[in-house]
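K.L.:
One structure, pasted below without further comment.
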Amino acid sequence: MYTPKPEDKFTFGLWTVGNTGRDPFGLPTRGTLSPVEIVHLLAEVGAYGVNFHDNDLVPIDATPAEQDQIVRDFKQALADTGLVVPMATTNLFGDPAFKDGAFTSNDPKVRAYALQKTMRSMDLGAELGAKVYVFWGGREGTESDATKSPLDGIKRMREALNFLCNYSKDKGYDYKFALEPKPNEPRSDIYFATVGAMLGLIATLDYPEMVGVNPEVAHEHMAGLNFTHAVAQAWDAGKLFHIDLNDQLFGRYDQDFRFGSVMLKQAFFLVKFLEDVGYSGSKHFDAHAFRSADLQDVKAFARGCMRTYLILKEKAARFNADAEIQGLLKLINEDDGSYGYLAGGYSSDSAAKLGAVEFDRAALNAKRLPYEELDQLTVEVLLGVR
Ligand code: GLT
Ligand code: MN
Ligand code: MN
């Protein structure tokens with residue numbers, strides 16, 4: 001029942017299950033897996049797809065001949081396992097050249113290199129079938145605002161995205177771009193810190209229809225925000241092109257925990273939202289196993305991400321089918337139709353009619369809102385007693 005199926009579209013990045021357990025204070029705790037080994041691992045645990053940064057697959061200093069061999073081997077692994085590549089992205093943060101950012105670096109040479117690196121990475125992604133192209137600007141920010149004008153940062157980001165949209169069109173790649181915000185880490189402050197900020201940027205681009213967002217649970221949680229609200233706004237705008245699922249406590253370092261492992265109630269409402277609206281894109285687990293994990297535990301981690309999603313999906317169906325819960329929702333949302341004339345939007349008549357009403361504030365307050373009851377029932381669904 002909780003076995004992943006291809007239609008669930010569960011994906012992982014090469015960098016997720018391939019994470020070696022290194023952190024800013026400690027060396028790797030587990031061995032490096034090759035891309036081919038990772039594809040086989042993901043197939044073994046039941047994933048549908050695998051995503052990558054250019055340099056997760058092809059080392060930054062590989063020769064063209066080495067690149068050809070790596071890509072051939074990777075394609076063979078995909079063919080052997082049936083895994084697909086729905087998304088690709090660029091590593092614009094690992095190399096020391098990007099110490100002051102990539103698209104927003106103060107150095108025009110670095111900005112040009114970042115564009116060229118992304119063009120090549122888009123070529124690679126397209127060759128492997130990717131349809132979504134993610135932009136996570138991990139280094140696009142500052143430690144001190146003495147160093148860079150935020151207006152320059154905004155303009156440079158816009159110019160880079162416009163350039164790359166044109167490149168995608170020119171090449172006939174048919175990519176959808178998905179912008180992934182994060183408020184901080186590895187920079188002290190990263191530009192376009194939230195989903196809402198990215199949505200604001202998109203509206204100013206040359207081809208807004210090509211560009212959406214890739215919200216990540218952990219990144220909104222780092223800012224102490226409600227992730228499901230951010231996702232709902234992206235969905236409402238027709239911009240939920242991709243999603244990064246993981247978990248993260250508020251107010252901590254960048255944790256990238258197994259999906260649903262720490263903020264279960266938030267994870268429940270997220271899954272319920274995605275299922276209720278019928279989101280049909282990739283569900284990408286951008287998470288890492290604990291540093292203490294060995295290979296067997298890494299598999300348990302990957303299986304756990306998918307299994308928890310499917311369990312929460314079942315809980316969402318239970319919530320939707322629960323007569324008591326639905327009765328409360330009906331009561332909360334009851335409408336006698338007396339203000340139906342406002343549903344059609346503004347007119348001089350509706351404004352005049354509304355202007356003449358005498359509201360009884362005490363009566364408005366007298367309406368019952370049994371939210372405690374409803375929330376407790378939700379908790380009981382989650383705890384498995386309903
Ligand atoms: C990096 C980051 C993620 C991004 C990836 C895409 S790389 O691991 O922490 O949130 O999605 O560049
Ligand atoms: Mn993250
Ligand atoms: Mn991510």
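K.L.:
Among 259, 222, 200, whose Cα sits farthest toward the positive end of the charge dipole of segment 189-273 (+1 at Cβ of Lys/Arg, -1 at Cβ of Asp/Glu, about the Cα centre)?
P.N.:
Checking the options against the dipole of segment 189-273, the answer is 259.
K.L.:
Rounded to whole Hz and in sequence order, give me ³J(HN,Hα) for segment 182-189 from the Karplus expression 6.51 cos²θ - 1.76 cosθ + 1.60, θ = phi - 60°, writing x for Gly and Pro.
P.N.:
Going residue by residue, I get 8, x, 6, 6, x, 8, 5, 9 Hz, with x marking Gly and Pro.
K.L.:
Next up: Net charge near residue 343, counting Lys/Arg +1 and Asp/Glu -1 over other residues with Cβ under 14 Å of its Cβ?
P.N.:
Details: positive: 353; negative: 335, 336, 349.
That sum, taken over residues with Cβ under 14 Å, equals -2.
K.L.:
What relative contact order, as a whole-number percentage, does segment 101-185 give when Cα pairs under 8 Å and 6 or more residues apart are counted? Intermediate values should be presented prior to the final figure.
P.N.:
Values: 75 pairs, mean separation 36.1, N = 85.
Result for segment 101-185 is 43 percent.
K.L.:
Right, here's the next one. Check which residues have an amide H placed less than 5 Å from residue 244's amide H, if you skip close sequence neighbours.
P.N.:
Residues meeting the amide H criterion: 216, 217.
K.L.:
Over segment 60-158, what is the relative contact order in whole percent, taking alpha-carbon pairs under 8 Å and six or more residues apart? Could the numbers behind the result be given before it?
P.N.:
Numbers: 94 pairs, mean separation 32.5, N = 99.
Relative CO of segment 60-158 lands at 33 percent.
K.L.:
Can you give the calculated 222 nm mean residue ellipticity of the chain, where each DSSP H run of n ≥ 4 adds -39,500 (n - 2.57) and the sum is split over every residue, rounded to the nearest 500 deg cm²/dmol?
P.N.:
Working: 15 runs with 181 residues, N = 386.
Result for the chain, helices only: -14500 deg cm²/dmol.
K.L.:
OK, next. Short version: ³J(HN,Hα) in whole Hz for each residue of segment 115-128, in order, from phi by Karplus 6.51 cos²θ - 1.76 cosθ + 1.60 (θ = phi - 60°), x for Gly and Pro, what are they?
P.N.:
Computed from phi, the couplings for segment 115-128 are 5, 5, 4, 5, 4, 5, 5, 5, 4, 5, x, 5, 4, 9 Hz.
K.L.:
Still on this model: With everything on Cα atoms, drop me the angle between helix 227-236 and the longest principal axis of the chain, reported from 0 to 90° to the nearest 10.
P.N.:
90 degrees
K.L.:
Continuing with the same structure: Tell me the net charge near residue 64. Cut-off is 13 Å between Cβ atoms, residue 64 excluded, with +1 for each Lys or Arg and -1 for each Asp or Glu. Present the calculation step by step, with values, prior to reporting the outcome.
P.N.:
On the way: positive: 72, 120; negative: 61, 66, 68, 123.
With Lys, Arg at +1 and Asp, Glu at -1, the neighbours total -2.
K.L.:
Let me ask something additional. Keeping every protein chain in place, order 373, 159 by accessible area at 1.4 Å, biggest value first, i.e. largest first. Present the calculation step by step, with values, prior to reporting the outcome.
P.N.:
Working: 373 90, 159 120 Å².
The ranking, largest first, comes out as 159, 373.
K.L.:
Next up: With +1 assigned to the C-beta of every Lys and Arg and -1 to the C-beta of every Asp and Glu, and no other charges, what is the dipole magnitude of the chain about the Cα centre in debye, to the nearest 20? All intermediate terms of the calculation are to be shown ahead of the outcome.
P.N.:
Values: 41 positive and 54 negative charges, 39 e Å.
Value, rounded to 20: 180 debye.
K.L.:
Give the whole-number value, in cubic angstrom per residue, of the convex hull volume spanned by the C-alpha atoms of the chain.
P.N.:
185 Å³
K.L.:
May I ask you to derive the FRET efficiency for residue 350 and residue 189 from their Cβ-Cβ distance with R0 = 51 Å, giving the value to the nearest 0.05?
P.N.:
Details: r = 45 Å, r/R0 = 0.88.
Between residue 350 and residue 189 the formula returns 0.70.
K.L.:
How long is segment 34-185 along each principal axis, judged by its Cα atoms, biggest number first, in Å?
P.N.:
Rounded to whole Å, the extents work out to 52, 32, 30 Å.
K.L.:
With point charges of +1 on the Cβ of Lys and Arg and -1 on the Cβ of Asp and Glu, referenced to the Cα centre of segment 1-117, which listed residue (94, 83, 51) lies farthest in the positive direction of the dipole?
P.N.:
Positive-end residue among those listed: 94.
K.L.:
Put +1 on the Cβ of each Lys and Arg and -1 on the Cβ of each Asp and Glu in the chain; which of 116, 150, 271 then has its Cα farthest toward the positive end of the dipole?
P.N.:
About the Cα centre, the residue reaching furthest to the positive side is 116.
K.L.:
Moving on to the next point. Amide H of residue 180: which non-local residues (sequence gap of 5 or more, or other chain) have their own amide H closer than 5 Å, using H built in the peptide plane?
P.N.:
Close amide H contacts, sequence-distant or interchain: 135, 136, 137, 214.
K.L.:
What dipole magnitude, in Debye to the nearest 20, does segment 278-386 give about its Cα centre under +1 on Lys/Arg Cβ and -1 on Asp/Glu Cβ? Intermediate results must be reported in sequence, preceding the final value.
P.N.:
Details: 14 positive and 16 negative charges, 121 e Å.
In total the dipole reaches around 580 debye.
K.L.:
Take peptides 75-87, 171-183, 314-326 and line them up by average Cβ neighbours within 10 Å, highest first, as a rough protection proxy.
P.N.:
Numbers: 75-87: 17.5, 171-183: 19.8, 314-326: 14.8.
The packing order, highest mean first, is 171-183, 75-87, 314-326.
K.L.:
Around residue 376, with a cut-off of 11 angstrom between Cβ atoms, what is the net charge of the other residues, counting Lys and Arg +1 and Asp and Glu -1?
P.N.:
Numbers: positive: 386; negative: 324, 372, 373, 375, 380.
Result for the local shell: -4.
K.L.:
Let me know the charge dipole size of segment 167-300 about its Cα centre in debye, to the nearest 20, where only the beta-carbon of Lys, Arg (+1) and Asp, Glu (-1) is charged. Walk me through the numbers on the way to the answer.
P.N.:
Details: 13 positive and 19 negative charges, 28 e Å.
I would put it at about 140 debye.
K.L.:
For the chain, what's the relative contact order in percent, using C-alpha pairs closer than 8 Å and at least 6 residues apart? Before the final figure, lay out each step's value.
P.N.:
Details: 608 pairs, mean separation 57.5, N = 386.
Relative contact order, the chain: 15 percent.
K.L.:
Another question, then. For residue 189, enumerate residues with amide H under 5 Å from its amide H, sequence gap 5+ or separate chain, H modeled in the peptide plane.
P.N.:
Those qualifying (amide H under 5 Å, at least 5 residues apart or on another chain) are 142.
The values are calculated or read from the model by the stated rules, or taken from the named source; none is laboratory data. Model, not experiment: these values are computed from the prediction. No Cβ is skipped: glycine too gets one built from the backbone with ideal geometry, and neighbour counts run over all protein chains shown. Note: accessible area is taken over every heavy atom of the protein model, side chains too, but ligands, DNA and RNA are not part of it. Shrake-Rupley method; radii C 1.70, N 1.55, O 1.52, S 1.80 Å.
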